[in-house]
Amino acid sequence: MGSSSPSLATATNLAVVQSLHDALPQAIKDAGVIRFAGDSHPPYRTVAPDGTVTGIDADFQAAIGQVLGVRTQTVIVAGLPAALQGMLGNRYDAFNGPVKATAEREKQFDTITWMTTRTAYVFPTDSTAGISRVEDLCGKRIAVVTASVVEEQLDKLSRFCTQSRHQATQTVGLDDTDATLLATRSGRADAAGMTEAAAIDVTQKQGGTRYVTQTEAQGASKDDLALYVPKSSKLGPVMQKVFEELFEDGTYVGIMSRWGLNQVSVAKPVFNAATPQ
């Protein structure tokens, strides 16, 4: 299941930058397409029953494809491990997250940081779990996407809970954000952990939900979220220059504004942010 050549939702037609097209790896120029792995993760990617993908990722892919003069294609995968392994196996060329840039992963992947975020926890407004602040999540069942940055932040929250003489949180690991929300609605979990950008989208689109955001006092940190490409492909430096182009011509601000994410935008894209330069 996949989606090809999305139109930029802002209706912008960007000119091909020939020097960047020429700098693409020969395999991508020959194929005429960049294959993006993508799991279901609104508002980054919302997957319709027919496989059509909309969201922030689709907008950025459309812009990237226009600048590079190639098509882009989304291939739906089940979570981060499948995306990373698929890129290393040459089944996909890129993955636009949300995934944290880490020094360990930058040994195999080039990363382009294009946004930042905190972790938030969504729960029904009619929940009987007694959640009104982050501390109330201690001892609760929290659904998160397995191996995600959110799972890492939940581990920090759990340590905060035990250090504060409260019960540890209980992790319910699932494949994607839709599954975490379903688990929360069905009562298998008390809250769904996700990026703040996703929490904003969920509470705006779905009535009857609220969210709380983890703070530094509770172990949280602002995480750099990045696009990943395998180092072996040599695509990373080209993607960095594409993002620089999108920042300079206003496309980046336009897309982030459209999705209401100005508070998690960055001033410029950063190449391999987690690795000392």
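Values quoted throughout were computed directly from the atomic coordinates according to the rules given, and no laboratory measurement underlies them. The structure presented is a predicted model; accordingly, all values stated were derived computationally and were not measured. Backbone-built Cβ (ideal geometry, glycine too); neighbour counts: all protein chains shown.
Distance in nm between label sites at Arg185 and Arg159, each 7 Å beyond Cα in the beta-carbon direction? Modelled inter-label distance: 3.5 nm. In loop segments of the range 112-221 as defined by DSSP, the trypsin sites (Lys or Arg not before Pro) with at most 15 further C-beta atoms inside 10 Å of their C-beta are Arg133, Arg165, Arg188.
What's the magnitude of the charge dipole for the range 119-218 around its Cα centre, counting Lys and Arg as +1 and Asp and Glu as -1 at the beta-carbon? Answer in Debye, nearest 20.
Charge dipole of the range 119-218: 340 debye, to the nearest 20.
Working from label points 7 Å from Cα in the Cα-to-Cβ sense, the Ser221 to Arg133 distance is 2.5 nm. Could you tell me what % of all Cα pairs in the range 173-277 have separations over 19 Å? Here the long-distance tail beyond 19 Å is 59 percent of all Cα pairs in the range 173-277. If the segment from Arg91 to Val33 were pulled out straight at 0.36 nm per residue, it would be longer than the present Cα-Cα gap by 19.6 nm. Estimated at 0.36 nm per residue, the fully extended path between Ser232 and Asn13 surpasses their Cα-Cα distance by 75.8 nm. Partner lysines whose Cα lies under 29 Å from the Cα of Lys140, excluding those fewer than 8 positions away in the same chain, are identified as Lys100, Lys156, Lys205, Lys222. Would you mind classifying the range 83-218 by shape? Square roots of the alpha carbon gyration tensor eigenvalues, ordered a ≥ b ≥ c; an a/c under 1.5 is rounded, otherwise it is prolate if a/b is larger than b/c and oblate if not. Prolate, because a/c is 1.5 or more and a/b exceeds b/c. Springs between Cα atoms under 10 Å define the GNM used for the chain, and in it the highest mean-square fluctuation of Ala197, Ala147, Ala226 occurs at Ala147.
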